[in-house]
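Everything below concerns the one structure shown next.
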Amino acid sequence: MNRLLARHALLPGGWRDDVLLTWDAGGTLTAVTPDAPAPPGENIACVTYALPGMINLHSHSFQRALAGRTECAGADSDDSFWTWRDLMYRFARNITPDQIEAIAAQLFADCLRHGYTSVCEFHYVQRQPDGNWYDRPAETAERVIAAARLAGIGVTMLPVLYSYSGFNESPLTPAQQRFRTDADDVLRVIEALAGLRDGQTEVGVAPHSLRAASLAQIGAVVAALPPGRPVHLHIAEQQAEVRQSLAQTGRRPVELLYDQVPVDGRWCLVHATHLTPGEVRSIAASGAVAGLCPTTEANLGDGVFPLQAFLAAGGRFGIGSDSHVSHSPVEELRWLEYGQRLHHQRRNIAVSTGQRQVGDFLWQGALQGGAQAAGRPVGALAPGRRADVLVLDDAHPVLCGLALSEVLGSLVFSGNDNLVRDVMVGGRWVVRNAQHVAQQAIAARFRQTMAELREFR
Ligand code: NGQ
Ligand code: ZN
């Protein structure tokens, strides 16, 4: 029976009691009924706390294999985003499609265990190490989708447009040759992936950044994209990037983009860390989602996103784990709020007039923005959306003796255990009692891959 009864479920309007969820054979919710009596005589699964699975709106899955391995200071002790990037390029240089798939499968299983039920893959390792295409132009993208299917996570595949190494169309460096695509290449990959689109799988596009793609290319790719598909772009992550943009174009990156391209709700601007008040207003007014990746942004020394001003302007946001130093939406949301508290020397920043609970505001906000950025019907327990459900461990001490209004605050801000016990994606249980259902096979292959990738420097 495709039914689940939750004593407490987080619906778009807040917590409700005795919620009966029903979904169809394709994994889409058909009815969500609060205050439902237990169906008599039926053997129906009952849980205490159910909430919508989170969307991870920014992932470079192969970087999971590098997480924790770049935390050693170089000889001149002047390490930065840019020195990390050199190591990451080195790591990407020879990685194979098999390895890409094995790493992604383990990552996605771990993301599921922590409560992510969807991921947006910003995918740019597309050519062979020698710079030629694989026989199948979407080879590596197909591998990441295969990994998502193996793990059971919903995926939005975003083939990347990557043509230049800097503003003003400077040529790619040797280390970037595997990433090289022009507008036609990207459209060909998108076309090759068309047959894989289904309830669990969507395909959009990602111009890498205004460093790696020209505004003319971006305009061409977006114009050729089927309507409604998401468009993701890294922007204004590092101050050096803003300085380069100013020096070479006379404009800041966000200014330049909004000047030249009609940005709308299909767009997800990843990081957008360094903004003027005018840029904050432009992004908020456009309806684009700010794709915030607080643990990676901290790890790479990016800076602090102006969340308070952005929310005051009505901006939409979601969260991503990007380089995968974390696999937990709790950690992203906690860091997002803590960064603001440290910066402003205040408490309880991410709230609105209607929602004074920080945990509720953050979880619901990241669901809405994440669903928009994924371009898939996810992010809410509501008819027509995917049956993506997290069941919390109601026996855990962190969740003992709480009012419903305190549950998400405790989830996000209290303790370090993973409180996600069971996870359903598209109506199918993929995590049971905190174990991923395919954990052993996925982990065995991942261990083998990590052994192969021991030496990369
Ligand atoms: C990336 N990652 O493409 O993986 C980037 C670094 C770049 C982050 N921005 C490379 N976190 O921006 O040029
Ligand atoms: Zn990124």
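The values are calculated or read from the model by the stated rules, or taken from the named source; none is laboratory data. Note that the coordinates shown come from a computational prediction; the quantities given were computed from them, not determined experimentally. Neighbour counts are summed over all protein chains in view; Cβ atoms, including those assigned to glycine, are modelled from backbone coordinates with ideal geometry. The area values use the complete protein model at the heavy-atom level, side chains included, leaving out ligands, DNA and RNA. Shrake-Rupley method; radii C 1.70, N 1.55, O 1.52, S 1.80 Å.
Spot the failing condition for GLN372; the list is (1) touching a Lys or Arg at 6+ places or on another chain (Cβ under 8 Å); (2) assigned to a loop (DSSP other than H, G, I, E, B), and only one is missed.
(2)
Does VAL407 satisfy the condition of being closer than 18 Å to VAL119 by Cβ, hydrophobic (A, V, I, L, M, F, W, C) and crowded, with 19+ Cβ neighbours inside 10 Å?
Against the criterion (closer than 18 Å to VAL119 by Cβ, hydrophobic (A, V, I, L, M, F, W, C) and crowded, with 19+ Cβ neighbours inside 10 Å), VAL407 does not qualify.
Would you mind listing the strands (runs of 3 or more DSSP E) fully within the stretch 1-73 where at least 2 residues are within 27 Å of the chain's Cα centre (by Cα) and of a type in the set (Phe, Trp, Tyr)?
Hits in the stretch 1-73: 14-23.
Cβ-Cβ below 9 Å, separation at least six or inter-chain, first residue in the stretch 56-83 and within 13 Å of ligand 2 (Cβ to nearest atom) and of a type in the set (Lys, Arg), second open to solvent by 60 Å² or more (accessible area, probe 1.4 Å) and at pLDDT below 95: which pairs?
none
Please verify whether the stretch 386-405 includes one or more residues that are assigned to a helix (DSSP H, G or I), closer than 14 Å to PRO12 by Cβ and out of contact with any Phe, Trp or Tyr (no Cβ under 8 Å at 6 or more places or on another chain).
no
Checking the condition among the polar types (S, T, N, Q) and within 16 Å of ligand 2 (Cβ to nearest atom), which residue from THR249, THR273 passes?
On inspection, the qualifying residue turns out to be THR273.
Kindly indicate whether ARG243 is of a type in the set (Lys, Arg), within 16 Å of ligand 1 (Cβ to nearest atom), open to solvent by 10 Å² or more (accessible area, probe 1.4 Å) and not in a strand (DSSP E or B).
In short, yes.
For the stretch 34-67, which residues satisfy the criterion of being of a type in the set (S, T, N, Q) and either open to solvent by 10 Å² or more (accessible area, probe 1.4 Å) or farther than 25 Å from ALA104 by Cα (or both)?
ASN43, THR48
Results for (1) within 13 Å of ligand 1 (Cβ to nearest atom); (2) not hydrophobic (A, V, I, L, M, F, W, C), shown as yes or no for each residue.
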| position | (1), (2) |
| --- | --- |
| ALA247 | no, no |
| LEU269 | yes, no |
| GLY291 | yes, yes |
| TRP335 | no, no |
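Residue check, SER323 against (1) away from ligand 2 (no atom under 16 Å from the Cβ); (2) over 27 Å from MET424 (Cβ atoms), all met but one. Which one?
The one condition SER323 does not meet is (1).
Would it be correct to say that ARG136 is outside any loop (DSSP other than H, G, I, E, B), away from ligand 1 (no atom under 15 Å from the Cβ) and not aliphatic (A, V, I, L, M)?
no
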